[in-house]
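J.: My questions will all concern the structure given below.
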Amino acid sequence: MEKTSKKKGRTVTRRAFLRGLGGGAAGAALATRIRGQSAGQAGASLPPALARKTITFTVNGKIVSLDVEPRDTLLEVLREKLRLTGAKKTCDRGECGGCTVLIDGQAAYSCLFPAVRAEGKKIITVEGLAEGETLHPVQQAYIEKDGYQCGYCTPGFIMSTVALLGRTPSPSPADIKAGLSGNLCRCGNYVKIHEAVAAASQKMRKA
Ligand code: FES
Ligand code: FES
């Protein structure tokens, strides 16, 4: 006797169900083959705007040349291809500043920056600040002033601070607030962070 089941008002026989499964499996196998073929064919016939591109740029003083897709962000290239994981993928949509790096000296959200646009640029990440065993004065100031709690936002804040002190060596409290306004700290450690920026400013002006 044919077994039946009812679901959402539809009656399905067991035989029909199994027949459907067989068709589904065969269909899936066929689809896999077709996808495999079309992926290769698609790669060959992609319009120039969608094709992979080789870009050359400088990261922390080293010249790097690699292939990127138009959809790759600078953050993805730094973290996944170059293994520079200091810049954090936190919101991934330009809201938190965790991914901040310097691009030609300017602080920028690397999660919003298309990797193809890095061609010819000079990128500095938090990994590129120290000289050997000697930390950058900004890094040192963040440590001395307890400018971090969990530390997840810290690389982004440090890069924004380096950019700020590069253009405003002696920032007022308002300058510091404005200069770091693109970075969020979920631990709410802003008072200590601002103290660290002021201390770094002093340290760098004395040096
Ligand atoms: S991860 Fe880029 S702004 Fe948040
Ligand atoms: S120190 Fe934890 S998010 Fe800023």
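J.: Would you call Lys145 more than 16 Å from ligand 2 (Cβ to nearest atom) and over 30 Å from Arg71 (Cβ atoms)?
T.: Judged against the criteria, Lys145 is not a match.
J.: A further question on this structure: In the stretch 104-180, which helices (runs of 4 or more DSSP H) lie fully inside it and hold 3 or more residues that are within 16 Å of ligand 1 (Cβ to nearest atom)?
T.: Where helices (runs of 4 or more DSSP H) fall fully within the stretch 104-180 and carry at least 3 residues being within 16 Å of ligand 1 (Cβ to nearest atom), they are 154-167.
J.: What's the number of the only condition in (1) touching a residue at least 24 places away in the same chain (Cβ under 8 Å); (2) within 24 Å of the chain's Cα centre (by Cα); (3) over 23 Å from Asp72 (Cα atoms) that Ala118 fails to meet?
T.: Failed condition: (3).
J.: Out of Lys88, Lys121, which single residue is within 16 Å of ligand 2 (Cβ to nearest atom), surrounded by 15 or more Cβ atoms within 10 Å (Cβ to Cβ) and among the charged types (D, E, K, R)?
T.: Checking each option against the conditions leaves just Lys88.
J.: Filter the stretch 193-207 down to the residues that are of a type in the set (D, E, K, R), surrounded by fewer than 17 Cβ atoms within 10 Å (Cβ to Cβ) and over 13 Å from His136 (Cα atoms) and list them by number.
T.: Arg205, Lys206
J.: Residues in the stretch 155-166: is at least one more than 12 Å from ligand 2 (Cβ to nearest atom) and either surrounded by fewer than 17 Cβ atoms within 10 Å (Cβ to Cβ) or assigned by TED's automatic domain parsing to the domain that holds Thr56 (or both)?
T.: Yes, the stretch 155-166 contains at least one residue that is more than 12 Å from ligand 2 (Cβ to nearest atom) and either surrounded by fewer than 17 Cβ atoms within 10 Å (Cβ to Cβ) or assigned by TED's automatic domain parsing to the domain that holds Thr56 (or both).
J.: Would you mind stating whether Ala196 is within 16 Å of ligand 2 (Cβ to nearest atom) and modelled with pLDDT of 95 or more?
T.: yes
The values are calculated or read from the model by the stated rules, or taken from the named source; none is laboratory data. Computed from a predicted structure; not experimentally measured. Note: ideal-geometry Cβ built from the backbone for every residue, glycine included; neighbour counts use all protein chains shown.
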